[in-house]
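None of the figures in this text is laboratory data; all of them are computed from the coordinates on show. Note that the structure is predicted; figures quoted are calculated from it, not measured. Cβ placement follows ideal geometry from the backbone for every residue including glycine, while neighbour counts extend to all protein chains displayed.
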Amino acid sequence: TDSFDYSSYHTLSEIYSFQDMLVAENPNLVSKIVIGQSYEGRPLNVLKFSTGGTNRPAIWIDNGIHSREWITQASGIWFAKKIVTDYGTDPTLTAILDNMDIFLEMVINPDGFYYTHTTNRLWRKTRKPNPGSSCIGVDLNRNWDADFGGPGASSYPCSITYSGPSAHSESEVKSIVDFVKSHGNIKAFLSVHSYSQLLLYPYGYTMTPAEDQAELDSLALKAVTDLASLYGTTYTYGSFFDALYQGSGTSIDWAYNQGIKYAYTLEQRDTGTYGFLLPANQIIPTATETWLALMAIMDHTYQNPY
Amino acid sequence: KKTFEGHQVLRIIPKDDAQLSLMKNLEDMNEFELDFWRGVTGVSMPVDVRVPIHNLESVKMYLEAQNTEYSVMIKDLQVLLDREQEEMKSAARASQHRN
């Protein structure tokens with residue numbers, strides 16, 4: 001993986017190969033777990049970074065729930081390499097990994113991602129047909145059991161925010177739900193999107209503040225400050241409802257309601273130039289600055305056990 | 001393969017509640033075949049929307065008729081997509097060469 005081109009976008013098969021290479025090169029640190037299958041039968045791979053122990057507290061990171069947000073999957077690759085490179089050299093990450101595990105799903109929506117490479121670069125949803133409709137796919141970030149089907153999601157299959165027929169109806173979501181529940185010790189749930197430069201915490205479905213709003217807010221400030229320290233990229237932060245819009249059935253609201261306090265959605269670059277078509281030469285700078293925000297949250301999670 | 005020749009991405013910043021409401025109406029209109037890259041959130045918050053070439057004139061006229069200002073964020077989407085595709089190909093070629 002040293003010669004892997006991190007400054008280029010890659011196909012799904014290249015990403016799967018990368019994952020296998022990383023595992024092969026780092027057998028004592030990285031393993032691959034297949035938590036399920038997508039609608040079209042692709043594996044839902046999660047990389048587990050662990051230095052040992054059983055059922056340690058853990059951090060969940062996912063990328064690519066919306067398939068056209070290519071910077072997120074590309075960043076996921078970079079994050080994975082960063083973890084193996086920094087373990088043993090970066091004291092903060094080393095301390096985290098000596099006590100916690102990190103789970104990284106680089107491509108939550110592989111069917112959609114494949115479709116963006118082959119047919120429609122701007123596809124967002126899954127590729128599952130909707131009975132009774134000619135429109136395809138579900139918005140995986142409206143399919144979670146957190147005020148499912150409420151305001152900010154659509155019941156219309158042609159909408160880009162179509163929630164699906166029922167909560168967790170999509171295997172891509174259900175697989176994560178089952179995994180997180182069976183693990184039982186996930187302490188942070190971080191979902192990476194693009195391109196609005198936002199750091200959001202629960203709730204999205206209600207304007208009622210989360211019980212931990214004060215802590216989540218101050219940690220968000222720390223994370224976006226760290227992120228901005230590299231290239232000056234400015235993020236807005238706040239609750240999903242306040243900083244973005246009302247959205248029901250989202251992953252972080254579900255995670256928070258499961259008792260995972262540190263639940264955040266990151267919206268990576270960029271605002272107003274390229275949108276979903278961020279040039280490849282911006283992958284590494286974007287991933288690098290995002291990593292600073294992730295590290296702030298991961299370190300806080302480690303330092304503040306609950 | 002779906003292509004996007006001449007499609008533009010417009011950036012619209014609603015200045016008041018009236019324009020915000022106009023944007024929300026636009027979001028619900030199917031006839032323009034719009035694809036909202038950044039949805040309607042609030043006053044002064046940018047809305048980015050992909051407009052197919054065959055509806056560009058109508059959408060721009062609609063916005064202008066409502067005194068809503070917009071800017072062109074991406075002039076021709078396919079040009080960017082072609083560039084992205086070419087970059088991926090050349091990166092893959094370079095990788096094969098290294099191997």
Study note, to complete from the structure: Which of A:48/A:174; A:187/A:222; A:32/A:181; A:128/B:15; A:82/A:187 exceed 28 Å between C-alpha atoms? The answer is A:128/B:15
Review point. To the nearest 0.05, how large is the calculated FRET efficiency for residue A:181 and residue A:245 if R₀ is 30 Å and r is the Cβ-Cβ distance?
Key: 0.60
**Study point:** Inter-site label distance for residue B:29 and residue A:273 at 7 Å from Cα along Cβ, in nm
**Key:** 3.1 nm
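For region A:212-306, state the average projected area of the convex hull of the C-alpha atoms over all orientations, rounded to one decimal in nm².
If I average the Cα hull's projected area over directions, I get 6.8 nm².
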Point to revise | Alpha carbon centroid spacing (whole Å) that separates region B:7-46 from region A:77-110 | key: 38 Å
Check your understanding: Binning every alpha carbon pair distance of chain B at 5 Å from zero, what are the percents per bin?
Key -> 2, 13, 20, 21, 13, 9, 7, 5, 4, 3, 2, 0
Exercise for review: Using only the Cα atoms of chain A, build the gyration tensor, take square roots of its eigenvalues as a ≥ b ≥ c, and label the shape rounded, prolate or oblate: rounded if a/c is under 1.5, else prolate if a/b is larger than b/c, else oblate.
Suggested key: rounded
Review point. Using the beta-carbon distance between residue A:33 and residue B:56 and R0 = 56 Å, what value does 1/(1 + (r/R0)^6) give for FRET efficiency, to the nearest 0.05?
Key: 0.75
Study note, to complete from the structure: Scoring chain B by relative contact order with C-alpha pairs under 8 Å, at least six apart, yields a percentage of 39 percent
Review point. Along the charge dipole of region B:28-97, Cβ charges K/R +1 and D/E -1, which of B:40, B:91, B:61 sits furthest on the positive end?
Key: B:91
Review point. So how far, in whole Å, is the C-alpha centre of region A:184-237 from the one of region B:47-87?
Key: 30 Å
Practice item. Output the relative contact order of chain A, whole-number percent, from Cα pairs under 8 angstrom with separation of 6+ residues. Key: 21 percent
Check your understanding: If you find the alpha carbon centre of region A:264-306 and of region A:40-76, how far apart are they in angstrom?
Key -> 14 Å
Review point. Can you list the GluC sites (Glu not before Pro) in region B:1-98 that are in a DSSP coil and have 10 or fewer other beta carbons within 10 angstrom?
Key: B:31
Exercise for review: Arrange A:16, A:235 by Cβ neighbour counts within 10 Å, fewest through most, would you?
Suggested key: A:16, A:235
Check your understanding: Is the shape of region A:151-278 rounded, prolate or oblate, going by the alpha carbon gyration tensor and its root eigenvalues a ≥ b ≥ c, with a/c under 1.5 for rounded and a/b larger than b/c for prolate?
Key -> oblate
